[in-house]
1. Around residue 128, with a cut-off of 12 angstrom between Cβ atoms, what is the net charge of the other residues, counting Lys and Arg +1 and Asp and Glu -1?
2. Give, as a single signed number, the net charge of other residues whose beta carbon lies under 10 Å from the beta carbon of residue 282, with Lys and Arg counted +1 and Asp and Glu -1.
3. Using Cβ contacts closer than 10 Å as the measure, can you line up 263, 127, 279 from fewest to most?
4. Could you give each residue of segment 5-22 its phi-based ³J(HN,Hα) in whole Hz, using Karplus coefficients 6.51, -1.76, 1.60 with θ = phi - 60°, and x for Gly or Pro?
5. Is it possible to state the helix-based mean residue ellipticity at 222 nm for the chain, with each DSSP H run of 4+ residues giving -39500 (n - 2.57), the sum divided by total residues, to the nearest 500 deg cm²/dmol? What is it?
6. How large is ³J(HN,Hα) for each residue in segment 141-148, as worked out from phi by the Karplus curve 6.51 cos²θ - 1.76 cosθ + 1.60 (θ = phi - 60°), to whole Hz, x for Gly and Pro?
7. Please identify, among 262, 183, 98, the residue showing maximal mean-square fluctuation in a Gaussian network model of the chain using a 10 angstrom Cα cutoff.
8. Given the Cα-Cα distance of residue 229 and residue 272 and 0.36 nm per residue of separation, how much length would full extension add, in nm?
Amino acid sequence: MNPCGLCGGGLEPLFEKFGHRIALCRACGTASVDPLPSPEDIRKVYTLDYFKGNRSKFGYTDYAAEAGCLARGFAARIEAIRSFVPKGRILDVGCANGSFLGAFGPEWDKHGVELSRELLEDSPPPTDVKVFVGDFLAYPAGPASFDVVTLFDVLDHVRDPKAVLDKAAALLRPGGLLAVQQGDRSSLFARLLGRRWHIYIPPTHLWYFSKAGLIRLLSERGLKTEREEYEPRWATFTLCLFRLSYILPSFLVDPFYRAVKGTWLGELGVRFNLRDVVTLYAVKS
Ligand SMILES: [Zn+2]
């Protein structure tokens, strides 16, 4: 087996899922897909069907249809960010169609990075959001050039989370804010579900962090975690059923999923909080 890609510690196998081996590093408490897929195979995940209901990719049933629910989820994060930095230059890594940045007021200079050109062509970002299409590690920006950098559900999708964190930390000015949101494999819900936890979805998710492990990764880069939240999330009833099918046998979920998809019932927003997704707000010293 390969050494842990985060700390170099030894990996031990945890279980197999969807034809991939998930292995745990006892040294840092992070689990990962071993071996990691190639960059080319990772890129293939994020074509338009990822956002439009390809169930083998575990993305979205219809990203555009989630707009209302996503906006409700954004409010708490925007409030938290503004409590640290009231305005300035913000970078959202993995910004999708820029709807999160679009929810910030005109006092913000808004920048995003997104890998999926297809998504942006299908669903263009707001006019005041500048989006770089490509790999974040190739994003041309000067050191200390942002007041806020956000990594929402990004680190578990990339081959090299260390490199992404190094770059995010370097782009922040001293006193700037890094906001990171990730599934927490040390949460009660994740531990209860074990391998059935809906966030264990290789090869879409490649890394499975614990809250303590994430805080340590930030602290190693001079980022002091000052606020931790398990924020409620919103999703359409259709997306809830789509995600439930990762946990329950499909014959139990599929009839309901097919019945509500495309109906008013399927578009209803559902608020939920399994307390298994943690958001950390960390300040650069
Ligand atoms: Zn490790």
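Just so it is clear, none of the values below were taken in a lab; they were calculated from the coordinates. Here the structure is a predicted model, which is why all the values come from computation and not from measurement. We place every Cβ from the backbone using ideal geometry, glycine too, and count neighbours over all the protein chains shown.
1. Residues close to residue 128 contribute a combined charge of 0.
2. Here the count lands on +2.
3. By the 10 Å Cβ count, ascending, the order reads 127, 263, 279.
4. x, 9, 10, x, x, x, 9, 10, x, 9, 6, 9, 8, 6, x, 10, 8, 9
5. Computed ellipticity for the chain at 222 nm equals -8500 deg cm²/dmol.
6. After applying 6.51 cos²θ - 1.76 cosθ + 1.60, I find 8, x, x, 6, 9, 10, 8, 9 Hz.
7. Ranking 262, 183, 98 by mean-square fluctuation puts 262 first.
8. The residue 229-residue 272 span can extend by a further 14.1 nm.
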